[in-house]
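Read through the structure below, which is laid out as structure tokens, and then see the notes.
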Amino acid sequence: MRKGFSEFDLSGKVILVTGACGLIGREICDAFSSAGANVVVSDIKPEKDIKRFSGELSKKYKRKSIGIYLDVTKRDSIESGIRIVLKEFGKIDVLVNNAAIDAKFDIANVKKVNPTRFENYPLDLLRKSIEVNMIGLILVTQRVIKEMLKWRSGNIINVSSTYAIVAPDQRLYREKRKRGQVYKPVDYIVTKSFIPGFTRYLATLYAREGIRVNTIVPHGVENNHPRDFKERFSERSPLGRMCKVSELRGPFIFLASDASSYMTGAVLVVDGGWSIW
Ligand SMILES: NC(=O)c1ccc[n+]([C@@H]2O[C@H](COP(=O)([O-])OP(=O)(O)OC[C@H]3O[C@@H](n4cnc5c(N)ncnc54)[C@H](O)[C@@H]3O)[C@@H](O)[C@H]2O)c1
């Protein structure tokens, strides 16, 4: 840690990240470890992959990181995961509610996006997103907050989206030569929009018990998107480009650290200016 930046030091903090093996999860676990934290990598990916990643972090930064299978939609999975964390570290200082289902428009995933517009959008997809992105987030938070209340100390970071504060510009999701117009689906918008309100609810409820709760709003993280998508995005973005995943390191470290000690209930927008016009 550079001299003069000790407020950002995460040494001694135990940080539990859900959905930690995805695009943003991997990057922020690395960032937290680099700033001194003991990271708990949790996901529903195959357990060997989860543990391989936590092992890589432990080796790279020479501090203990552990990997656990934790399905945010299942109370027994949450319970057994939290028990392992408490046995290993005795506490959880920071919870990052990052796991979510998100229709992706990068080359690897764009074909899987259901192109149906709102009026016919399938109920099973809606239910699945509500289950993971809303109920899952609430279940993990309920369980972890019980521990944080015992220590009268805690910090929760809820990962939302710009689509909690502005509408998706559906023109972005046009596919010129393939299926025509594809839509950023309603399930994502609904389930991400609840997060700032839920964050404020928790922030006021637990502020006097030493628990801070904030929302972070990332946007447009580049991950091998089709060229025409990137062009449309860049044209529309005030900064003129997509977000590099590494550009989320600083904002997440800031929220997880004492540098943000006077922030609770806030929405930290990291969108290259997308939502300002
Ligand atoms: N990528 C972006 O551009 C972007 C922009 C704004 C917000 N976000 C938000 O950031 C977060 C991470 O996004 P990402 O791009 O890394 O997504 P990702 O799909 O790469 O990763 C999500 C991870 O969540 C895990 N997951 C899914 N269901 C789960 C469950 N039931 N229990 C536990 N884990 C589960 C997946 O296995 C995956 O590893 C999400 O909340 C997303 O909404 C992403």
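Please verify whether segment 153-160 includes one or more residues that are part of a helix (DSSP H, G or I) and either among the charged types (D, E, K, R) or in contact (Cβ under 8 Å) with a residue 12 or more places away in the chain (or both). I'd like the intermediate steps shown before the answer.
We begin by selecting, within segment 153-160, every residue part of a helix (DSSP H, G or I); these are none.
No, that holds for no residue.
Condition check ((1) crowded, with 18+ Cβ neighbours inside 10 Å; (2) in contact (Cβ under 8 Å) with a residue 60 or more places away in the chain; (3) within 14 Å of the ligand (Cβ to nearest atom)) across all residues:
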position	(1), (2), (3)
L16	yes, yes, yes
R26	yes, no, yes
S33	yes, no, no
A37	yes, yes, no
E47	no, no, yes
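Could you check, for segment 60-83, whether at least one of its residues is surrounded by 14 or more Cβ atoms within 10 Å (Cβ to Cβ), farther than 23 Å from G154 by Cα, touching a Ser or Thr at 6+ places or on another chain (Cβ under 8 Å) and among the aliphatic types (A, V, I, L, M)?
The answer is no, given that none of the residues of segment 60-83 is surrounded by 14 or more Cβ atoms within 10 Å (Cβ to Cβ), farther than 23 Å from G154 by Cα, touching a Ser or Thr at 6+ places or on another chain (Cβ under 8 Å) and among the aliphatic types (A, V, I, L, M).
Going by the structure shown, is C21 without any contact (Cβ under 8 Å) to a residue 40 or more places away in the chain, under 19 Å from the mean Cα position of the chain (by Cα), within 13 Å of the ligand (Cβ to nearest atom) and crowded, with 23+ Cβ neighbours inside 10 Å?
Spelling it out, it is not the case that C21 is without any contact (Cβ under 8 Å) to a residue 40 or more places away in the chain, under 19 Å from the mean Cα position of the chain (by Cα), within 13 Å of the ligand (Cβ to nearest atom) and crowded, with 23+ Cβ neighbours inside 10 Å.
Taking segment 240-252 as the search range and keeping residues that are charged (D, E, K, R) and in contact (Cβ under 8 Å) with a residue 24 or more places away in the chain, which one is surrounded by the most Cβ atoms within 10 Å (Cβ to Cβ)?
R249
Just name the residue that is surrounded by the most Cβ atoms within 10 Å (Cβ to Cβ) out of those in segment 84-106 that are among the aliphatic types (A, V, I, L, M), more than 15 Å from the chain's Cα centre (by Cα) and within 20 Å of V159 (Cβ to Cβ).
If we take residues in segment 84-106 being among the aliphatic types (A, V, I, L, M), more than 15 Å from the chain's Cα centre (by Cα) and within 20 Å of V159 (Cβ to Cβ), then I92 is surrounded by the most Cβ atoms within 10 Å (Cβ to Cβ).
Tally time: how many residues in segment 203-239 are without any contact (Cβ under 8 Å) to a residue 24 or more places away in the chain and of a type in the set (G, A, S)?
Selection size over segment 203-239: 1.
Mind checking which residues of segment 198-222 are surrounded by fewer than 17 Cβ atoms within 10 Å (Cβ to Cβ) and within 16 Å of the ligand (Cβ to nearest atom)? Quick ask: steps written out before the conclusion?
Within segment 198-222, the first condition is being surrounded by fewer than 17 Cβ atoms within 10 Å (Cβ to Cβ), and the residues that meet it are 201, 204-205, 207-210, 222.
Residue satisfying the conditions is E222 alone.
Do we have any residue at all in segment 166-189 that's among the basic types (K, R), in contact (Cβ under 8 Å) with a residue 40 or more places away in the chain and closer than 19 Å to T204 by Cα?
Within segment 166-189, not a single residue is among the basic types (K, R), in contact (Cβ under 8 Å) with a residue 40 or more places away in the chain and closer than 19 Å to T204 by Cα.
With out of contact with any strand residue (DSSP E or B) (no Cβ under 9 Å at 6 or more places or on another chain), without any contact (Cβ under 8 Å) to a residue 24 or more places away in the chain and not hydroxyl-bearing (S, T, Y) as the only criterion, which of K59, K51 stands out? Don't jump to the end; show me each part of the working.
On the way: K51 fails: out of contact with any strand residue (DSSP E or B) (no Cβ under 9 Å at 6 or more places or on another chain).
Exactly one of K59, K51 is out of contact with any strand residue (DSSP E or B) (no Cβ under 9 Å at 6 or more places or on another chain), without any contact (Cβ under 8 Å) to a residue 24 or more places away in the chain and not hydroxyl-bearing (S, T, Y), namely K59.
Residues are listed down the side, and each one gets a yes or a no for (1) more than 23 Å from N214 (Cβ to Cβ); (2) within 15 Å of the ligand (Cβ to nearest atom); (3) in contact with a Gly (Cβ under 6 Å, 6 or more places away or on another chain):
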{"site": "L95", "(1), (2), (3)": "no, yes, no"}
{"site": "A100", "(1), (2), (3)": "no, yes, no"}
{"site": "T116", "(1), (2), (3)": "yes, no, no"}
{"site": "P122", "(1), (2), (3)": "yes, no, no"}
{"site": "K128", "(1), (2), (3)": "yes, yes, no"}
{"site": "M134", "(1), (2), (3)": "no, yes, no"}
{"site": "L137", "(1), (2), (3)": "no, yes, no"}
{"site": "K146", "(1), (2), (3)": "no, no, no"}
{"site": "R152", "(1), (2), (3)": "no, no, yes"}
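Could you count how many residues in segment 234-264 are in contact with a Ser or Thr (Cβ under 6 Å, 6 or more places away or on another chain) and within 24 Å of E7 (Cβ to Cβ)?
1
Where a number appears in this text, it was derived from the coordinates with a stated rule and is not lab data. Just so we're clear, the structure is a prediction, and the values are computed from it rather than from any experiment. Methodologically, a virtual Cβ is constructed for each residue, glycine included, from the backbone with ideal geometry; neighbour enumeration extends over all protein chains shown.
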